[in-house]
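Report on the structure given below.
The values are calculated or read from the model by the stated rules, or taken from the named source; none is laboratory data. Note that the structure is a prediction, hence the values are computed from the model and not measured. All Cβ positions, glycine included, derive from the backbone under ideal geometry; neighbour counts span all protein chains shown. Areas reflect the complete protein model, heavy atoms only, side chains present, ligands, DNA and RNA absent. Shrake-Rupley method; radii C 1.70, N 1.55, O 1.52, S 1.80 Å.
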Amino acid sequence: MLQSRISFNVKGQAPSKDGGPIASTAVDWEPPACWYEPYWKAKDFKTYTEANWSIYESAGGAPKGIADDKARYKGGHPYEDFNVDKNDKGMWWVAVTNPKMKDAPGANDCRRKPFWVDNGKNPGVPQAIDTETLAGLAHQRTVVPPTKVSLAPQGKSTVNAPTWIWLDKGAFKPVSVTASLPGTGLWATTTAKPVSLHIDPGTEDAESLPASGECGINDDGSIGEPYARGKAELTPPCGVRYLRSSGDGSYPLEATLTWEISWEGSGGTGGDLPNGTFATTTQVPVQEYQAVNR
């Protein structure tokens, strides 16, 4: 199969070596593994195909090996001379494979030979490229920054004392990816917006605060609340309470940020796609509090 001509443009936070693509929360959803897209003008398709025929024949290929294609594209069954008389009135559509899913089960499901579609006409075949397909491909290429949470106390946490967790409003911003197909007017932009933080303490000997482990986003775009002097006896809106020391090691606290994904595309199209998540792990050493009797 040929390589797709779709291009991608990313806006938002700069890529980070600790960041990465988001994982879809929907187990039954994934971008298409292959599709059909407009690819060739008639004259270009003729040049490309006849060159391949010439290579085939010069390498000793039997004429019957390409007889059907010559009849299909040149001999009037059903196309006459590659439709060169309609060069500016349509395009040849071809099958392409998603480069990120070459080994996926459906990567070879698009088996139609190149077919002609007049400008402005619906190709009328399953898996033909459209704005929703572009949105799914943009979703697949959405890369978000790492979920680097702030913790208090810094260094070591203490058994039975709350550890405060928060994300400043400037720590993460929406990220958008636009997928477009040159020369067709087709485009779609997906926008990933952070909406909540899930905390996994990394051990069963801990309590999440709140108990669900889900920390919602505040009105100002932050999550949780920064620790400050005088709050030591308070329960944080987002945090954990460890119930046992980690000894000489530490607990792998996992912070998973959920990103809500919406899209809009050419022709007034748009909608929602499955949320995405990205997790970052922080090692948290936990000590016993040592009381001193005098």
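In this simple spin-label approximation, residue 18 and residue 89 carry label points 7 Å from Cα along the Cα→Cβ vector, and these lie 6.0 nm apart. The listed peptides 251-260, 129-138, ordered by packing as a protection proxy, come out as 129-138, 251-260 (highest mean of other Cβ atoms within 10 Å first). For residue 186, the residues whose amide H sits under 5 Å from its own are 181, ignoring neighbours fewer than 5 places away on the same chain, with H placed 1.01 Å from N. Converting phi to 3J(HN,Hα) with the Karplus coefficients 6.51, -1.76 and 1.60 and the offset θ = phi - 60°, the range 29-46 yields 10, 7, x, x, 7, 7, 6, 10, 9, x, 10, 10, 6, 4, 5, 5, 5, 4 Hz in sequence order, with x at every glycine or proline. Charge tally around residue 217: other residues with Cβ under 14 Å, Lys/Arg +1 each, Asp/Glu -1 each, net -3. A crude spin-label estimate for the pair residue 169 and residue 54, with each label 7 Å from Cα along the Cβ direction, gives 6.5 nm. Charge dipole of the range 144-294 (Cα centre as origin; +1 on each Lys and Arg Cβ, -1 on each Asp and Glu Cβ, all else neutral): 460 debye, rounded to the nearest 20.
Once the chain from residue 77 to residue 111 is taken as fully extended at 0.36 nm per residue, the excess over their C-alpha distance is 10.4 nm. With a cut-off of 12 Å between beta carbons, the residues surrounding residue 242 carry a summed charge of -1, where Lys and Arg count +1 and Asp and Glu -1. For the chain, adding -39500 (n - 2.57) for each run of n ≥ 4 DSSP H residues and dividing by the number of residues yields -3500 deg cm²/dmol at 222 nm.
Each peptide in 208-214, 191-197 gets a packing score, the mean of other Cβ atoms within 10 Å over its residues, and the list from highest to lowest is 191-197, 208-214.
Electrostatic tally near residue 120: other residues with Cβ closer than 15 Å to its Cβ, Lys and Arg +1, Asp and Glu -1, net 0. Computed with a 1.4 Å probe over protein heavy atoms only, the accessible area of residue 8 comes to about 80 Å². Would you mind classifying the range 116-272 by shape? Square roots of the alpha carbon gyration tensor eigenvalues, ordered a ≥ b ≥ c; an a/c under 1.5 is rounded, otherwise it is prolate if a/b is larger than b/c and oblate if not. Prolate.
Straightening the chain between residue 205 and residue 43 buys 51.3 nm, computed as 0.36 nm per residue apart minus the Cα-Cα spacing.
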